[in-house]
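The values are calculated or read from the model by the stated rules, or taken from the named source; none is laboratory data. Everything numeric in this text was worked out from a predicted model, so none of it was measured. Virtual Cβ from ideal backbone geometry, glycine too; neighbours counted across all protein chains shown. Heads up: the accessible areas ignore ligands, DNA and RNA and are worked out on the full protein's heavy atoms, side chains in. Shrake-Rupley method; radii C 1.70, N 1.55, O 1.52, S 1.80 Å.
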Amino acid sequence: MRSGGILCGVKSLWNDDDAAAMGGDVLRLRAYTSRLLGREPSLVLHGGGNTSVKAEWTSLFGDLEELLYIKGSGWDLASIQPEGFAPVRLDVLRRMAELPALTDSAMVRAQRAAMIEPSAPAPSVEAILHAVIPFRYVDHTHADAVVAVSNTPDGDARIRALYGERVLVVPYVMPGFELARAVYLMTRDVDWSALDGMVLLHHGVFSWGPDARSSYEAMISLVSRAEEYLGGQIVILSAAPALSEVEGKDLHLIATLRLAISKAARKPMIVQLDDSPHAAVFASLPNVAEIATRGPLTPDHVIRTKPVPMMLGDDPSSDVAAYAARYRDYFERNATPELQCLDPAPRWVVWPHVGTLAVGATAKDATIVTDIARHTTRAIQWAESLGGWTALAERDLFAMEYWELEQAKLRQGGAAPVLQGKIAIVTGAASGIGRACAEALAEQGAAVMALDIDPRVEGMYAAGRTCDVTDADALTRAVDATVRRFGGLDILVSNAGLFTASQTLEHMSADAWQRSIDLNLTSHQRLLQRCIPYLRLGIDPAVVLIASKNVPAPGPGAGAYSVAKAGLTQLGRLAAIELAKDGIRVNMLHPHAVFDTGAWTPEVLAERAKAYGLSVEQYKANNLLGVEVTSRDVAALACAMAGPVFRVTTGAQVAVDGGNDRVI
């Protein structure tokens, strides 16, 4: 079929009422149209592209100066606000373009020194190029359609034929000062009024105009023409092959792959599966191994994706080792003495006949790579229909991946959160201790699958899932979903439970007994059983079972609860013995009197306090230390047990109760 059905079909999103709300403020209008661009991923995928506006400013001394307000480092066009633009003196930027040579690090320092607001974000590395273009508004995107046309054997000729003399075509030059200088030299005698835009081959497209709308809509026009061209030229697969759902041994393969990648990267990594129809179509192409490994859509992506993906076979460990060896060879071919090799692990993987897998240090990073892979695989198929996917030369990709500015960012980066890259399942995560554990794990960098029978859990977390843990099939689906989404499992916090109504053994109902055993014991055993195969493939795997003070110090009338929690503790002790050979640590917590949970309403608290002859505050702190125990206290210790602090501890039972003389 023709490709038109899969093209994004960009169109102007300009709204007169929204624009009028900007009150004619040039910077607010700049932010407004920047967000319009940012809403279309095919233009500015995950932070790509930049925008600027030139405006006058009166200094402290009453001098009138021209400024360039350009997108600041760290801001995304999809959400940028006026404060996201860095104000830089325009005359300084234009004089910098006249310099015969300048390192990019020196350029960054000079741009920062030319800012009028020290607290503003660092200016884009393309600030000089924006300054060279003599229009008030300038827009720059990495439009998929335009880059796909240029990423062909005769891309230069195709772009010139598509746009004619109204667009300046610039051969690929490294972004930063080199690109700005090249454009400056090319355009010293150019009549800018005769140009509608500029295409940087293998990189992106520029538009400009006297006002925000004209610059924005010029960009839409340029990209639309490329999309129309593609729609009339190319043929692409239209449906996915019949595939069974990825499950069972395939999920085990993913976890094995993730372990190998994490070892190669020397840190825990997230691996995200994409077996959507589009990904499956691409992965099923007969020549996928050849076309997927020619290079990325734009050099900007190499920072996140590395130059090429890995092809997955039947032995993930060997595949990763071979990829890492090829990456080190690539580094040696291109490196200069001062450079240090980045980790050699792949950042995206093609799984023939199944789909693709994205790799990142965090779930967010992996999601970004998934999006980049989707855009790249689509553009590859477009370009193949136009004569062949043609990426940049290896030396150019290496120069971008090991750019001095990117190296500087790596050197400046602080320590990662202690659990970054770890994958956790937490049950009973909609409230109380479970919610505190899920939130604390996420705060420490873990990717968390939060489970609860309460459907509200799905709105609380990025990966919240409704799950009745007493349903064996539901547990299986939840564990499978975790591996599909994150690549494996390292941490299990088995917390779901129920404190049954007070009944003596003599008068206990069969239903109350069975409910407690099913939820407080059996569900934990079933969940652990389903998690063990993936925990074996985890990074420093750990299990934390949330038991109870009632295990060492049971109270009358709580037999169903106490017996189930005692069984849970015994389960944990046995698991610690059986799983130690696999490096899986299993520890137990015994909380008591944790009142910030749904079970302890103000009325119940008041009633219990009165029964003991205490005020509510006295009752909350009725322990040896005289402190209130909170869900966050339990969560902090659960995180410690899951992390390096308890690296050499397994089978431990730790009270979280402020001190209880019966337990001690």
Go over the candidates Leu43, Leu77, Leu67 one by one and state the one that is out of contact with any Gly (no Cβ under 7 Å at 6 or more places or on another chain), of a type in the set (A, V, I, L, M, F, W, C) and either open to solvent by less than 10 Å² (accessible area, probe 1.4 Å) or in a loop (DSSP other than H, G, I, E, B) (or both).
-> Leu67
Criterion (among the hydroxyl-bearing types (Ser, Thr, Tyr) and within 33 Å of the chain's Cα centre (by Cα)) met by exactly one of Tyr172, Tyr184, Tyr163 | Tyr172
Residue ID - nearest to the chain's Cα centre (by Cα), chosen from residues in the range 112-159 that are part of a helix (DSSP H, G or I) and free of Cβ contacts under 8 Å to residues at least 24 places away in the same chain | Arg112
Mind telling me which of the residues Arg515, Arg465 ends up being of a type outside the set (Gly, Ala, Ser) and either surrounded by fewer than 20 Cβ atoms within 10 Å (Cβ to Cβ) or part of a loop (DSSP other than H, G, I, E, B) (or both)?
-> Arg515
Over the range 266-323, the set of residues at pLDDT 95 or above, closer than 30 Å to Val418 by Cα, of a type in the set (A, V, I, L, M) and surrounded by fewer than 20 Cβ atoms within 10 Å (Cβ to Cβ) is Ala321, Ala322
Can you work out which of the residues in the range 321-331 that are of a type in the set (D, E, K, R) and over 16 Å from Arg294 (Cβ atoms) is nearest to the chain's Cα centre (by Cα)?
-> Arg328
Candidates Ala438, Ala450 - the one that is part of a strand (DSSP E or B) and surrounded by 24 or more Cβ atoms within 10 Å (Cβ to Cβ) = Ala450
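Just a yes or no: is a residue in the range 21-36 out of contact with any Lys or Arg (no Cβ under 6 Å at 6 or more places or on another chain), loosely packed, with under 14 Cβ neighbours inside 10 Å and polar (S, T, N, Q)?
Pass one, the range 21-36, residues out of contact with any Lys or Arg (no Cβ under 6 Å at 6 or more places or on another chain): 21, 23-36.
Cutting the leftovers down to loosely packed, with under 14 Cβ neighbours inside 10 Å gives us 21, 23-25.
Still in the list and also polar (S, T, N, Q): none.
Scanning the range 21-36 turns up no residue that is out of contact with any Lys or Arg (no Cβ under 6 Å at 6 or more places or on another chain), loosely packed, with under 14 Cβ neighbours inside 10 Å and polar (S, T, N, Q).
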Inspect all residues belonging to the range 328-347 and state whether any of them is touching a strand residue (DSSP E or B) at 6+ places or on another chain (Cβ under 8 Å), outside any loop (DSSP other than H, G, I, E, B) and open to solvent by 10 Å² or more (accessible area, probe 1.4 Å).
-> no
Scanning the range 184-210 residue by residue, the ones that are touching a residue at least 40 places away in the same chain (Cβ under 8 Å), in contact with a helix residue (DSSP H, G or I) (Cβ under 6 Å, 6 or more places away or on another chain) and not in a loop (DSSP other than H, G, I, E, B) total 6
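Residue-wise test of (1) surrounded by fewer than 19 Cβ atoms within 10 Å (Cβ to Cβ); (2) among the aliphatic types (A, V, I, L, M); (3) touching a strand residue (DSSP E or B) at 6+ places or on another chain (Cβ under 6 Å).
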residue	(1), (2), (3)
Pro171	yes, no, no
Pro175	no, no, no
Val199	no, yes, yes
His203	no, no, no
Trp208	no, no, yes
On the given criteria, is Asp661 more than 14 Å from Ile546 (Cβ to Cβ) and open to solvent by 60 Å² or more (accessible area, probe 1.4 Å)?
-> yes
For helices (runs of 4 or more DSSP H) lying entirely in the range 564-654, having 2 or more residues that are at pLDDT 95 or above and touching a strand residue (DSSP E or B) at 6+ places or on another chain (Cβ under 9 Å) picks out 631-642
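Return a yes/no flag: does the range 379-392 have any residue that is of a type in the set (Ser, Thr, Tyr), under 28 Å from Glu227 (Cα atoms) and surrounded by 15 or more Cβ atoms within 10 Å (Cβ to Cβ).
Yes, because at least one residue in the range 379-392 is of a type in the set (Ser, Thr, Tyr), under 28 Å from Glu227 (Cα atoms) and surrounded by 15 or more Cβ atoms within 10 Å (Cβ to Cβ).
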Tell me, yes or no, whether the range 134-141 has at least one residue that is out of contact with any strand residue (DSSP E or B) (no Cβ under 7 Å at 6 or more places or on another chain), among the polar types (S, T, N, Q), surrounded by 14 or more Cβ atoms within 10 Å (Cβ to Cβ) and closer than 30 Å to Gln233 by Cα.
-> no
Pick from the range 468-485, criterion open to solvent by 10 Å² or more (accessible area, probe 1.4 Å) and hydrophobic (A, V, I, L, M, F, W, C), ranking: nearest to Asp518 (Cα to Cα) | Val469
Tell me which residues, restricted to the range 332-377, are closer than 25 Å to Val288 by Cβ and without any contact (Cβ under 8 Å) to a residue 60 or more places away in the chain.
-> Arg347, Trp348
